[in-house]
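Novice: Questions regarding the structure given below will be posed in turn.
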Amino acid sequence: MITPTHYMVLSAALFMIGVIGVMVRRNIIVIFMSIELILNAVNINLVAFSYQLQNGIGQVFAIFVIAVAAAEAAVGLGIILAFYRNKETINIDEMSVMRW
Amino acid sequence: MGVGPHEKVKMEATTPRPAFDTEELVINMGPQHPSTHGVLRVVLRLDGEKVVDSDVIIGYLHRGIEKLSENRNWTQIILLTDRMDYIAAATSNVGYCQTVEKLMALEVPRRAQYIRTALCELQRIASHCLWLGTHAMDIGAMTVFLYAFRERELILDLFEEYCGARLTYNSMRIGGLPLDIPSGWDKKVLAFCDIQMQKVDEYEELLTNNRIWLERTRDIGVISARDATAIGLSGPALRGSGVPRDIRKDEPYAAYSEMKFDVPIGTRGDTYDRYLVRLEEFRQSVRIIRQAIEGLPEGPIIGKVPRLIKPPAGETYHAIESPKGEIGFFIVSDGKSTNPYRFRVRPPSFCNLQALSRLIKGHLVADVVALIGSIDIVLGEVDR
Amino acid sequence: MIIDTYVIPLLKILIVLNATLVGVTFMVLLERKVIAWVQVRLGPMRVGPYGILQPIADAVKLLLKEDITPARADKWVFTAAPIIVMVPALITFAVIPFGPAVRLFGRDVPLYITDINVGLLYIVSVASIGVYGIILGGWASNSKYPLLASLRASAQLISYEVAVTMTLVSLIMTAGTLSMVKIVESQYMAGVWYAFVQPVAFVVFFIGALAETNRAPFDMAEAEQELTGGFHTEYSGMRFALFFLAEYANMIVISSVSTTLFLGGWLRPFPNVAALSFLDFVPAWIWFLLKTFAFLYVFLWVRATLPRYRYDQLMRLGWKVLIPIAIANIIVTGIVKVAL
Amino acid sequence: MGEAIAFYVISALILGFAVLVITTRNTVHSVLFLVLNFLAVAALYVLLTAQFLAVIQILVYAGGIVVLYLFVVMLVNLKRPPEVHADPHRRSSLGFSLSVLVLAELAAIVVYGRLTPAPVAATAEGTDLAVNNVERIGYLLYTDYLIPFEVASMLLLVAMIGAIVLAKREL
């Protein structure tokens with residue numbers, strides 16, 4: 001029997017993998033992808049509870065999360081491209097100055 | 001004084017890099033590429049898909065025809081001229097023979113002049129068929145390619161019947177022609193003229209008002225009349241820019257002075273205008289062929305030519321209008337030997353190719369192939 | 001019980017997959033033949049009567065060819081790319097209804113693998129995966145022309161997906177369901193094919209479909225005259241064949257989808273006119289195949305007739321013409337729906 | 001039983017691909033694993049009878065957002081690998097331990113949650129949310145959550161304009 005707890009453990013594990021990615025990797029694209037993993041972990045939780053409670057609200061919020069993720073990816077990747085054009089690097093450690 | 005490597009380095013160092021700099025992509029198009037019409041090599045520097053700069057590299061088909069000619073006797077050279085513009089070999093033959101005739105002040109019989117005119121115009125149609133087919137193919141209209149080749153095949157058949165060869169004819173002799181036309185040949189040529197007139201309408205139906213064709217060719221590779229003249233363009237590429245220069249009209253040779261025909265010119269100088277000019281030339285060529293065949297005079301086909309051709313000492317330049325433009329021969333004879341002292345060709349493809357770099361600048365990769373097609377080159381003639 | 005839940009679906013999957021693969025290979029032959037006829041040629045004539053066995057010869061040739069991986073290619077991605085292209089094209093058939101339920105051996109067997117409540121979205125989403133194969137194929141080859149081509153292809157696919165999905169939205173508004181089977185049924189209820197109810201959506205969908213399948217006049221991703229073959233330049237042998245087959249499989253998918261959505265799927269013409277009921281002697285799935293075939297023929301016809309668009313013109317057409325039209329169509333559909 | 005097998009297989013895939021995403025050196029491979037991870041998550045949604053969300057996950061995430069990533073990775077044609085220049089002041093171990101701390105916190109919540117029983121038992125088979133999934137979600141989106149929905153659309157519009165402004169060289 002699969003209970004919501006199972007889904008929560010899965011979600012927590014995925015969340016942690018995402019956090020480790022953000023903390024440890026220096027490639028900013030990989031960091032962005034780790035953030036996507038974190039958002040997915042949240043979505044799994046939302047949908048699991050939606051299933052548990054037989055209530056569509058969780059899924060609705062998951063859709064909002066996806067919309068936010070899309071916006072985040074678009075702007076974030078735009079910033080990465082602009083940064084790369086100037087510095088020719090995507091190493092986050094070199095992004096220490098807040099100006100070009 | 002040229003800029004040496006040392007100065008070049010300094011220049012690059014002082015030029016500030018633009019704030020937003022993306023990497024440029026260098027693409028080597030050719031010499032093995034489906035749309036460079038042979039072994040042309042174009043090195044493109046691209047920004048995205050936009051051509052920033054280009055370098056046209058030729059010479060992959062160089063056979064040294066000019067130098068070879070200085071070691072062949074005057075008749076043998078005709079055979080070499082076949083190998084230059086192999087799409088319209090008879091035109092090169094005529095150009096060379098007329099140059100030598102001019103050097104020797106030979107009189108060519110009228111019948112030979114008329115047949116030469118008809119053959120030249122047949123070659124023009126054949127060459128334009130090949131141009132239209134490949135040009136349309138480059139832009140993606142694959143059916144036009146086969147339609148145009150279908151008609152070119154008919155012309156090759158006519159040539160085969162006339163001289164036995166389909167590509168390199170060796171069909172002229174200094175002072176006239178080696179062969180008279182076979183019986184019934186003239187009827188076949190006239191029948192072909194009727195077919196060709198219909199087929200030109202068919203090509204136009206597929207392309208001229210086609211929206212995509214218009215978008216792909218209008219305002220692509222515009223060259224003004226002034227620039228075109230300055231670069232030395234000739235033929236349809238020049239006339240597309242609106243310069244009414246046609247050697248057949250301006251300095252008539254063969255029987256052109258007795259023919260009625262118009263010289264179509266463009267207005268904008270873009271790829272579409274060059275296309276329209278060539279399509280109209282199909283019709284004008286058919287008109288000339290009809291006049292030449294219907295008005296074919298009787299008489300000998302070769303003038304009084306000495307057994308040993310040895311032009312007097314002197315030099316001459318003579319140009320005729322090949323399908324691609326002005327093909328000129330500059331020949332120096334020392335009057336003593338049986339081969340030319342100096343032999344030099346002004347090939348239209350080579351001169352027209354000079355415009356390519358200028359034309360493709362700022363256009364996209366897809367336009368590069370359209371423009372290579374639009375100026376209509378034959379690498380055999382460019383590299384000689 | 002076991003027969004109903006496992007055996008019959010598996011059999012159906014087997015039949016559909018095989019029929020698709022055979023159909024795809026013969027599609028290649030059909031294309032060569034149709035274009036040959038347009039161009040006053042004969043097309044393949046040597047293998048079998050009228051060249052009918054040509055696909056088999058092609059398959060044997062491609063299988064026996066050396067499978068080259070360029071030295072500096074990314075081997076794993078290079079190998080995966082053709083598979084990524086092929087799989088979405090095939091699994092789309094899971095939701096395409098070929099016909100209504102028929103009685104076979106005393107059982108009601110529906111002529112579709114499954115009917116899910118998000119069928120149409122499933123097709124759109126699965127199709128959006130296929131673009132990875134093209135991007136990765138071009139990237140992994142480590143060659144300039146394929147890279148350019150794959151950038152072109154992906155930009156093209158993403159842009160036209162928007163237009164196509166927008167037309168589907170107006171269609172969903174008309175049909176009121178996302179299930180492929182119910183869309184056909186609602187056309188039966190309405191007594192008219194949706195091509196007549198949504199003509200604008202139909203035209204935009206068709207143009208978008210041409211672009212999404214990378215077919216002429218939008219085939220710049222594999223423009224052999226410009227990019228020497230496009231994203232599959234470096235591929236050979238069976239991996240190239242997979243790219244090739246996927247293109248034709250996608251054509252069949254798009255044709256089947258447009259048949260289902262706009263031409264009434266398995267319904268005969270004028271499904272509600274009793275006077276035409278003599279047409280019912282033709283089985284429903286034959287009608288479906290006929291309509292799909294007609295679509296495929298138009299694909300080939302267009303390819304033989306039209307020149308190719310340029311990359312920027314294609315993007316302009318997609319973003320500035322098709323998407324606004326599709327959105328306007330949604331608004332008009334909404335207004336009409338509310339007004340009625 | 002079948003559900004359990006499916007859950008464990010899909011979970012293993014999700015976690016496995018997630019680990020590969022953050023450990024692979026080659027960024028393109030990383031992006032590929034991210035796609036596979038998203039597809040596995042979509043499969044999990046199907047298991048949870050959220051078909052609409054599963055399809056949206058594939059369509060928007062796997063088919064849309066990750067294509068953007070791939071684009072950027074391909075455009076950012078790296079001359080030097082980003083991981084080479086490490087900041088000496090950077091403490092990766094600190095990041096790692098922080099992550100572990102977060103996991104511990106989450107685990108604590110889960111364990112605590114385990115002690116209190118779930119309010120409603122899962123009875124999804126044949127319920128309205130499973131069968132009319134699209135209708136139910138659509139109804140919620142356009143009634144109770146209309147304003148958040150419109151805000152989300154505004155957000156996307158702003159993001160679109162922002163992305164164009166950032167990526168375009170000259171306006």
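The values are calculated or read from the model by the stated rules, or taken from the named source; none is laboratory data. All values derive from a computational prediction rather than experimental measurement. Because the Cβ atoms are built from the backbone with ideal geometry, glycine has one as well, and the counts that use them run over all protein chains shown.
Novice: Being of a type in the set (A, V, I, L, M), crowded, with 16+ Cβ neighbours inside 10 Å and not in a helix (DSSP H, G or I) is the filter here; which residues of the range C:63-85 pass it? Spell out the reasoning first.
Specialist: Step one: list which residues in the range C:63-85 are of a type in the set (A, V, I, L, M), which gives C:63-64, C:68, C:71, C:73, C:77, C:80-81, C:83-85.
Right, trim to crowded, with 16+ Cβ neighbours inside 10 Å and you get C:73, C:77, C:80-81, C:84-85.
Within the range C:63-85, just C:A73 meets the criteria.
Novice: Filter the range A:14-39 down to residues that are among the aliphatic types (A, V, I, L, M), closer than 18 Å to D:V35 by Cα and touching a Leu at 6+ places or on another chain (Cβ under 7 Å), then give me how many there are.
Specialist: Of the residues in that region, 4 qualify.
Novice: Let me ask something else. Is there a residue in the range A:50-61 that is in a loop (DSSP other than H, G, I, E, B), more than 15 Å from the chain's Cα centre (by Cα) and at positive phi?
Specialist: Taking the range A:50-61 first, the residues in a loop (DSSP other than H, G, I, E, B) are A:54-56.
Now restrict to residues that are more than 15 Å from the chain's Cα centre (by Cα): A:54-56.
If we keep only those that are at positive phi as well, we get A:54.
Looking through the range A:50-61, at least one residue is in a loop (DSSP other than H, G, I, E, B), more than 15 Å from the chain's Cα centre (by Cα) and at positive phi.
Novice: Next question, about the same structure. Checking the condition more than 8 Å from every other protein chain (Cβ to nearest Cβ), among the β-branched types (V, I, T), touching a strand residue (DSSP E or B) at 6+ places or on another chain (Cβ under 7 Å) and on the phi < 0 side of the Ramachandran plot, which residue from C:V95, C:V184, C:V87, C:V102 passes?
Specialist: Values: C:V95 fails: touching a strand residue (DSSP E or B) at 6+ places or on another chain (Cβ under 7 Å); C:V184 fails: touching a strand residue (DSSP E or B) at 6+ places or on another chain (Cβ under 7 Å); C:V87 fails: touching a strand residue (DSSP E or B) at 6+ places or on another chain (Cβ under 7 Å).
The match here is C:V102.
Novice: Something else about it: Looking at the range B:155-166, can you tell me whether even one residue there is touching a residue at least 40 places away in the same chain (Cβ under 8 Å) and surrounded by fewer than 20 Cβ atoms within 10 Å (Cβ to Cβ)? Walk me through how you get there before you give the answer.
Specialist: So the first thing to find is which residues in the range B:155-166 are touching a residue at least 40 places away in the same chain (Cβ under 8 Å), and the list is B:159, B:162.
Now drop any that are not surrounded by fewer than 20 Cβ atoms within 10 Å (Cβ to Cβ), which leaves none.
No, because not a single residue in the range B:155-166 is touching a residue at least 40 places away in the same chain (Cβ under 8 Å) and surrounded by fewer than 20 Cβ atoms within 10 Å (Cβ to Cβ).
Novice: Have a look at C:Y112, C:Y132 and point out the one that is within 14 Å of chain D (Cβ to nearest Cβ), surrounded by 14 or more Cβ atoms within 10 Å (Cβ to Cβ) and hydroxyl-bearing (S, T, Y). Let's see the steps before the verdict.
Specialist: Values: C:Y112 fails: within 14 Å of chain D (Cβ to nearest Cβ).
Answer to the check: C:Y132.
Novice: Scan the range B:341-361 and give yes if some residue there is within 28 Å of B:A228 (Cα to Cα), buried (at least 21 other Cβ atoms within 10 Å of the Cβ) and in contact with a Phe, Trp or Tyr (Cβ under 9 Å, 6 or more places away or on another chain), otherwise no.
Specialist: Yes: the range B:341-361 contains one or more residues that are within 28 Å of B:A228 (Cα to Cα), buried (at least 21 other Cβ atoms within 10 Å of the Cβ) and in contact with a Phe, Trp or Tyr (Cβ under 9 Å, 6 or more places away or on another chain).
Novice: Report whether or not B:Y253 is among the aromatic types (F, W, Y) and modelled with pLDDT of 85 or more.
Specialist: no
Novice: Of all residues in the range C:217-247 being of a type in the set (D, E) and at pLDDT 80 or above, which is nearest to C:V87 (Cα to Cα)?
Specialist: Kept after step one, since they are of a type in the set (D, E), are these residues of the range C:217-247: C:219, C:222, C:224, C:226, C:234, C:247.
Right, trim to at pLDDT 80 or above and you get C:234, C:247.
Values: C:E234: 21, C:E247: 12 Å.
The selected residue is C:E247.
Novice: If you scan the range B:362-384, which residues turn out to be away from chain C (no Cβ under 14 Å) and either touching a strand residue (DSSP E or B) at 6+ places or on another chain (Cβ under 7 Å) or under 13 Å from B:S54 (Cα atoms) (or both)?
Specialist: Just the residues of the range B:362-384 that are away from chain C (no Cβ under 14 Å), to begin with: B:375-384.
Within the range B:362-384, B:R384 is the sole residue that qualifies.
Novice: OK, next. Taking the range C:140-170 as the search range and keeping residues that are more than 14 Å from chain B (Cβ to nearest Cβ) and more than 18 Å from the chain's Cα centre (by Cα), which one is surrounded by the fewest Cβ atoms within 10 Å (Cβ to Cβ)?
Specialist: C:V169
Novice: Further question: Restricting attention to the range B:132-153, and to residues there that are among the small types (G, A, S) and more than 8 Å from chain C (Cβ to nearest Cβ), which single residue is farthest from the chain's Cα centre (by Cα)? First the steps, then the outcome.
Specialist: Restricting attention to the range B:132-153, the residues satisfying the condition of being among the small types (G, A, S) are B:133, B:136, B:140-141, B:148.
From what is left, the residues that are more than 8 Å from chain C (Cβ to nearest Cβ) are B:133, B:148.
Details: B:G133: 15, B:A148: 17 Å.
Only one residue fits best here, namely B:A148.
Novice: Taking into account only those residues within the range D:4-14 that are within 7 Å of chain A (Cβ to nearest Cβ) and either at pLDDT 90 or above or within 12 Å of D:A43 (Cα to Cα) (or both), which is surrounded by the most Cβ atoms within 10 Å (Cβ to Cβ)? Walk me through it before giving the result.
Specialist: Here is the first cut: in the range D:4-14, the residues within 7 Å of chain A (Cβ to nearest Cβ) are D:4, D:7, D:11, D:14.
Then drop every residue that is not either at pLDDT 90 or above or within 12 Å of D:A43 (Cα to Cα) (or both), which leaves D:7, D:11, D:14.
Working: D:F7: 17, D:S11: 21, D:I14: 27.
My answer is D:I14.
Novice: Mind listing whichever residues of the range B:235-248 are closer than 11 Å to B:I375 by Cβ and not in a helix (DSSP H, G or I)?
Specialist: So the first thing to find is which residues in the range B:235-248 are closer than 11 Å to B:I375 by Cβ, and the list is B:235-238, B:240.
Passing the criteria: B:G235, B:G240.
Novice: Here's something else I'd like to know. Would the range B:257-271 turn up any residue that is in a helix (DSSP H, G or I), surrounded by fewer than 24 Cβ atoms within 10 Å (Cβ to Cβ) and within 19 Å of the chain's Cα centre (by Cα)? Lay out the reasoning, then the answer.
Specialist: So the first thing to find is which residues in the range B:257-271 are in a helix (DSSP H, G or I), and the list is B:257-258, B:271.
From what is left, the residues that are surrounded by fewer than 24 Cβ atoms within 10 Å (Cβ to Cβ) are B:257-258.
With the extra rule that they be within 19 Å of the chain's Cα centre (by Cα), the set shrinks to none.
Within the range B:257-271, not a single residue is in a helix (DSSP H, G or I), surrounded by fewer than 24 Cβ atoms within 10 Å (Cβ to Cβ) and within 19 Å of the chain's Cα centre (by Cα).
Novice: Still on this structure, I have one more. Given the criteria more than 7 Å from every other protein chain (Cβ to nearest Cβ) and surrounded by fewer than 17 Cβ atoms within 10 Å (Cβ to Cβ), does D:G162 qualify?
Specialist: Considered against the rule, which asks whether it is more than 7 Å from every other protein chain (Cβ to nearest Cβ) and surrounded by fewer than 17 Cβ atoms within 10 Å (Cβ to Cβ), D:G162 comes out as no.
Novice: Right, another one. Give the residue, chosen from A:S34, A:S11, that is closer than 28 Å to D:S153 by Cβ, among the hydroxyl-bearing types (S, T, Y), crowded, with 20+ Cβ neighbours inside 10 Å and more than 7 Å from chain D (Cβ to nearest Cβ). Can you show your working first?
Specialist: Working: A:S34 fails: more than 7 Å from chain D (Cβ to nearest Cβ).
Residue meeting the stated conditions: A:S11.
Novice: If the Cβ limit is 7 Å and pairs must be 6+ apart or interchain, which residue in the range C:257-276 that is under 30 Å from C:S125 (Cβ atoms) pairs with which residue that is surrounded by fewer than 19 Cβ atoms within 10 Å (Cβ to Cβ) and of a type in the set (F, W, Y)?
Specialist: That search, which allows pairs on different chains as well, returns C:W266/C:W285; C:L267/C:Y188; C:P271/C:Y188.
Novice: Among the listed residues B:V263, B:V222, which satisfies the condition of being out of contact with any Leu (no Cβ under 6 Å at 6 or more places or on another chain) and closer than 18 Å to B:I375 by Cβ? Show your work before the answer.
Specialist: Values: B:V263 fails: closer than 18 Å to B:I375 by Cβ.
Answer to the selection: B:V222.
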